There are 2 protein chains.
Amino acid sequence: MDMDNADKNAIFPKGDKAPAEYFTGPTWLTMLVTADEVFNTSIGNVTFEPGSRNNWHTHPGGQILIATNGIGYYQEKGKTIQVLHQGDVVKILPNVKHWHGASPQSEFTHIAVNTNTQKGVVDWLERVTDEEYFQLVK
Amino acid sequence: MDMDNADKNAIFPKGDKAPAEYFTGPTWLTMLVTADEVFNTSIGNVTFEPGSRNNWHTHPGGQILIATNGIGYYQEKGKTIQVLHQGDVVKILPNVKHWHGASPQSEFTHIAVNTNTQKGVVDWLERVTDEEYFQLVK
């Protein structure tokens, strides 16, 4: 556990920095469960610093997000951004193009449960532009 | 949300009382995700009051526990009790007989992720006796 990176109110350590190729802005990942052929599930704890978000992407087997701290954003392609708060749960259907991240002014932490991982975990797509990200701020 | 039953530090409301048939001592359940044929996953937030535990049981499709608050117990048949703290993750293989709950002196909350629910969610068995539960206290 990186103590410089610890939050005494957090359930999990922030973990390692998520890959810059797929994340815009500093984002931290702790893997809790890696996928295997018994559980067909992987689980990660993700902390986005204010303004950070992942690229557009899809999950072949679906994903469930559980918001645990801060204020976050979630958007499916063609829909408006949803604001997420602690305790919110989002079910993301297989192959629905979407992104998630922090809101501009608040850090955001969620647990991400990847379901049916035997079908694949994630297919990464293009970055979320500032124009897309800041649409609620206009 | 039952405000008499709320904890301002909790991620989720405590929810409804879990069925006395399968739980010894007061236990509270908030369902976060119900099983369906797309995600094959159900997720619940469970809060055990000190001394409370569920019956021995098995999961045909497996289960993953994520400890979020307090101090808990987990035991698989024939093994010693494991003490669980915030941030601990337990992977319970399909058809392994086990139980979980709070420790005698501390409340305990976990998120329970039922995997491969197309195979079934839970098969309840006999109660955990006081002799079994208090084996670490002797």
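A few remarks follow.
- Within the range A:63-71, one or more residues are closer than 20 Å to A:Lys14 by Cα, polar (S, T, N, Q) and open to solvent by 60 Å² or more (accessible area, probe 1.4 Å).
- Residue match in the range A:85-107 (condition: in a loop (DSSP other than H, G, I, E, B), crowded, with 21+ Cβ neighbours inside 10 Å and facing another protein chain (nearest Cβ under 10 Å)): no
- In the condition set (1) part of a helix (DSSP H, G or I); (2) in contact with a strand residue (DSSP E or B) (Cβ under 8 Å, 6 or more places away or on another chain); (3) of a type outside the set (D, E, K, R), B:Gln118 is compliant with all but (2).
- When the range B:33-50 is limited to residues that are touching a Gly at 6+ places or on another chain (Cβ under 7 Å) and open to solvent by 20 Å² or more (accessible area, probe 1.4 Å), the one that is farthest from the other protein chains (Cβ to nearest Cβ) turns out to be B:Glu49.
- Cβ pairs under 6 Å, 6+ apart, first in the range A:97-109 and modelled with pLDDT of 95 or more, second among the hydroxyl-bearing types (Ser, Thr, Tyr) and buried (at least 20 other Cβ atoms within 10 Å of the Cβ): A:His100/A:Tyr74; A:Gly101/A:Ser52; A:Gly101/A:Tyr73; A:Ala102/A:Ser52; A:Ser103/A:Tyr73; A:Thr109/A:Thr47; A:Thr109/A:Thr68
- Residue in the range A:63-80 that is part of a loop (DSSP other than H, G, I, E, B), on the phi > 0 side of the Ramachandran plot and facing another protein chain (nearest Cβ under 10 Å) present: no
- Taken residue by residue, the range B:126-137 has no member that is assigned to a strand (DSSP E or B) and among the β-branched types (Val, Ile, Thr).
The values are calculated or read from the model by the stated rules, or taken from the named source; none is laboratory data. The model shown is predicted, which means the values in this text are computed figures rather than measured ones. Note that each Cβ is placed from the backbone with ideal geometry, even for glycine, and that neighbours are counted across all protein chains shown. Accessible surface is based on the protein model in full, side chains and every heavy atom, while ligands, DNA and RNA are left aside. Shrake-Rupley method; radii C 1.70, N 1.55, O 1.52, S 1.80 Å.
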